[in-house]
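Colleague: Take this structure first; my questions come after.
No value in this document is a laboratory result; all are computed from the given coordinates. This structure is a prediction, so every number in the text was calculated from the model and none was measured. Note that we place each Cβ from the backbone using ideal geometry, even for glycine, and neighbour counts take in every protein chain shown.
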Amino acid sequence: MTVSGFVPIVGRPNVGKSTLVNALVGEKVVITSSRPQTTRNVVRGILTFDETQIVLLDTPGLHKPKTALGNRLNRLVYGTLTDADVVVFVLDATQKVGPGDRLIAERLKEAGATVVLVVNKVDKASPGLIADRLAEASDWDFDAYVPLSALEGNGLEPLLTEITSRLPDGPFFFDPETTTDQPEALLISEIIREKFLDRLREELPHSLTVVIDELEHRENGTLVVSAKALVERESQKGIVIGKRGELIRDAGSAARKELESIFGVNVFVDLRVKVEKDWQRSEQMLDRLGF
Ligand SMILES: Nc1nc2c(ncn2[C@@H]2O[C@H](COP(=O)(O)OP(=O)(O)OP(=O)(O)O)[C@@H](O)[C@H]2O)c(=O)[nH]1
Ligand SMILES: [Mg+2]
């Protein structure tokens, strides 16, 4: 008999949800960054071992929405609770439990979810601080509490044990070799976006999105990617391009290197920038961009 289930990973922006998904799956299936609100869609990371299959759902950070995009993302996250077998709720050990965390806790209680609470980033926090976080969170009376470091990969085994022991008997939903269900074009656009996030500051990361215009697998194996970075205002265009085109060239070249190592073929990346005025606030644009 096999055991399987759907496990959304939820929490405020920047607490390390995507890092945790990658650590558990054992390979990079989603992008991460030091900027809050990096993840913008639900991506499945699949982990199969022994007679167990865990379908992790990386989700956007829950926050007070300021744009139409923010509203959509929050709804998307709460939508994953419907089919959840176990929910992993992530806190950052270095940050006090705040109103944002309490709101999420309430929603999880209302949904009647089975919840494993993770205190992440313990590598950055003193034992006293970690104990404070666990004490604050114990009021919620969740099903299990696991301190860990997603970045260093410490504490993952206890988390897997807590998740697995709460999964129902069931079939495998994916081939045991599969690690994500993300379409190739989405993975590629995300990797390109990640390279911009690494290089941009302040509000700009929120205003940027990447769309793939064309993907071509040539007969000689080369993968040709044509992509556009969309920004919201004319003034942002110059920043994304950088002095003498340096920033966009660097981002494109970093993306190319990573894509070459993922796909094991030569990759060409043709990258342009386009202004799509206030796309984050336009329901119509969000539809078109697939949010
Ligand atoms: N020191 C330390 N840093 C971590 C750990 N886990 C994640 N981080 C860092 O925290 C930042 C945010 O990580 P992400 O995984 O992108 O966070 P997220 O919760 O997915 O963020 P959103 O997608 O914006 O909601 C990155 O700079 C990570 O490297 C950890 O265990 N220890
Ligand atoms: Mg994320």
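Colleague: Under the rule of at least 5 residues apart or a separate chain, name every residue whose amide H is placed under 5 Å from the amide H of Val87.
Modeller: Hits under the 5 Å cutoff: Thr114, Val115, Val116.
Colleague: Restricting to the chain, what percent of DSSP beta bridges are antiparallel, rounded to 5?
Modeller: Numbers: 18 of 47 bridges.
Bridges in the chain that DSSP calls antiparallel: roughly 40 percent.
Colleague: Something else: For the stretch 84-232, taking Cα atoms only, what is the radius of gyration to one decimal and the Dmax to the nearest whole Å?
Modeller: Spelled out, the Cα radius of gyration and Dmax of the stretch 84-232 are 20.0, 60 Å.
Colleague: Output the Cα-based Rg and Dmax of the stretch 71-163 in Å, rounding Rg to one decimal and Dmax to a whole number.
Modeller: Just the Cα atoms of the stretch 71-163 yield Rg and Dmax of 13.2, 37 Å.
Colleague: Given H placed on each backbone N at 1.01 Å, which residues far from Val43 in sequence or on other chains put an amide H within less than 5 Å of it?
Modeller: For Val43, whose amide H was placed from the backbone, the distant partners under 5 Å are Asp58.
Colleague: Which percentage, to the nearest 5, of the DSSP beta bridges contained in the stretch 184-289 is antiparallel? Show your work: numbers first, answer last.
Modeller: Working: 8 of 17 bridges.
So the antiparallel bridges in the stretch 184-289 amount to around 45 percent.
Colleague: Right, something else. Treat every Asp and Glu Cβ in the stretch 1-105 as -1 and every Lys and Arg Cβ as +1, leave all other atoms uncharged, and give the resulting dipole magnitude about the Cα centre to the nearest 20 debye.
Modeller: Working: 12 positive and 8 negative charges, 160 e Å.
Dipole of the stretch 1-105, to the nearest 20 debye: 760 debye.
Colleague: Treat the count of other C-beta atoms within 10 Å as a stand-in for reagent exposure and order Glu177, Glu184, Glu27 from fewest to most. Can you show the working numbers first?
Modeller: Working: Glu177 7, Glu184 13, Glu27 10.
Fewest to most other Cβ atoms nearby, the residues stand as Glu177, Glu27, Glu184.
Colleague: Separate question: Could you grab the Rg to Rh ratio for the chain? Cα atoms only, Kirkwood for Rh.
Modeller: Rounded to two decimals, Rg/Rh equals 0.98.
Colleague: I would also like to ask the following. Quick check on the stretch 3-164: of the DSSP beta bridges with both residues there, what percent are antiparallel, nearest 5%? Walk me through the numbers on the way to the answer.
Modeller: On the way: 8 of 28 bridges.
Here the share of antiparallel DSSP bridges comes out near 30 percent.
Colleague: Now, a different point. Could you calculate the FRET efficiency of Asp213 with Ala131 from 1/(1 + (r/R0)^6), where r is the beta carbon distance between them and R0 is 41 Å, rounded to 0.05? Working shown, then result.
Modeller: Numbers: r = 51 Å, r/R0 = 1.25.
Efficiency at R0 = 41 Å is approximately 0.20.
Colleague: Looking at the calculated P(r) for the stretch 164-224, what percent of the C-alpha pair distances fall above 20 Å? Could the numbers behind the result be given before it?
Modeller: On the way: 1002 of 1830 pairs.
So the portion of pairs separated by more than 20 Å is 55 percent.
Colleague: Is the C-alpha gyration tensor of the stretch 146-192 telling us rounded, prolate or oblate? Criteria: a/c under 1.5 is rounded; beyond that, a/b larger than b/c is prolate, otherwise oblate. All intermediate terms of the calculation are to be shown ahead of the outcome.
Modeller: Details: a/c = 3.47, a/b = 1.28, b/c = 2.71.
Oblate shape, in that a/c is at least 1.5 and b/c is the bigger or equal ratio.
Colleague: If the label point is 7 Å along Cα→Cβ of Leu76, which residues in the stretch 204-229 have backbone nitrogen under 15 Å from it?
Modeller: Output list for this probe position: 206-212.
Colleague: Continuing with this model, one more query. Cut-off is 10 Å between beta-carbons; in what order do Ile248, Ile46 appear when sorted fewest neighbours first?
Modeller: Ile248, Ile46
Colleague: Give me the mean projected area, in nm² to one decimal, of the convex hull enclosing the Cα positions of the stretch 3-164.
Modeller: Mean projected area for the stretch 3-164: 8.6 nm², to one decimal.
Colleague: What residue among Gly26, Ile54, Leu73 has its Cα farthest toward the positive end of the dipole of the stretch 3-164, where the charges are +1 on Lys, Arg and -1 on Asp, Glu, each on the Cβ?
Modeller: Positive-most Cα among the choices belongs to Leu73.
Colleague: Among Val97, Val3, Trp140, which residue has its Cα furthest toward the positive end of the charge dipole of the stretch 3-164, with +1 on Lys/Arg Cβ and -1 on Asp/Glu Cβ?
Modeller: Val97
Colleague: Further question on the same structure: Rank Pro205, Ile248, Leu271 by how far each Cα sits towards the positive end of the charge dipole of the stretch 184-289 (+1 on Lys, Arg Cβ; -1 on Asp, Glu Cβ) and give me just the farthest.
Modeller: Ile248
Colleague: Report the calculated FRET efficiency for Lys109 and Lys237 (r = Cβ-Cβ distance, R0 = 45 Å), to the nearest 0.05.
Modeller: Taking R0 as 45 Å, the efficiency between Lys109 and Lys237 is 0.50.
Colleague: Name the aspartates and glutamates eligible as straight-distance cross-link partners of Lys66: C-alpha to C-alpha under 17 Å, and not fewer than 8 places from it in the same chain.
Modeller: Output for Lys66: Glu202, Glu203, Glu232, Asp278, Glu283.
Colleague: If Lys and Arg each add +1 and Asp and Glu each add -1, what is the summed charge of the other residues whose beta carbon sits under 13 Å from the beta carbon of Arg35?
Modeller: Numbers: positive: Arg40, Arg193, Lys195, Arg199, Arg201; negative: Glu194, Asp198, Glu202, Glu203.
For residues surrounding Arg35, the net value is +1.
Colleague: Would you order Arg44, Arg218 from fewest to most other beta-carbon atoms within 10 Å of each residue's own beta-carbon? Working shown, then result.
Modeller: Working: Arg44 21, Arg218 11.
Fewest to most other Cβ atoms nearby, the residues stand as Arg218, Arg44.
Colleague: Could you size up the charge dipole of the chain around its Cα centre, putting +1 on the beta carbon of Lys and Arg and -1 on that of Asp and Glu, and report it in debye to the nearest 20? Intermediate values should be presented prior to the final figure.
Modeller: Numbers: 36 positive and 44 negative charges, 318 e Å.
Using Cβ point charges on Lys, Arg, Asp and Glu, the chain gives about 1520 debye.
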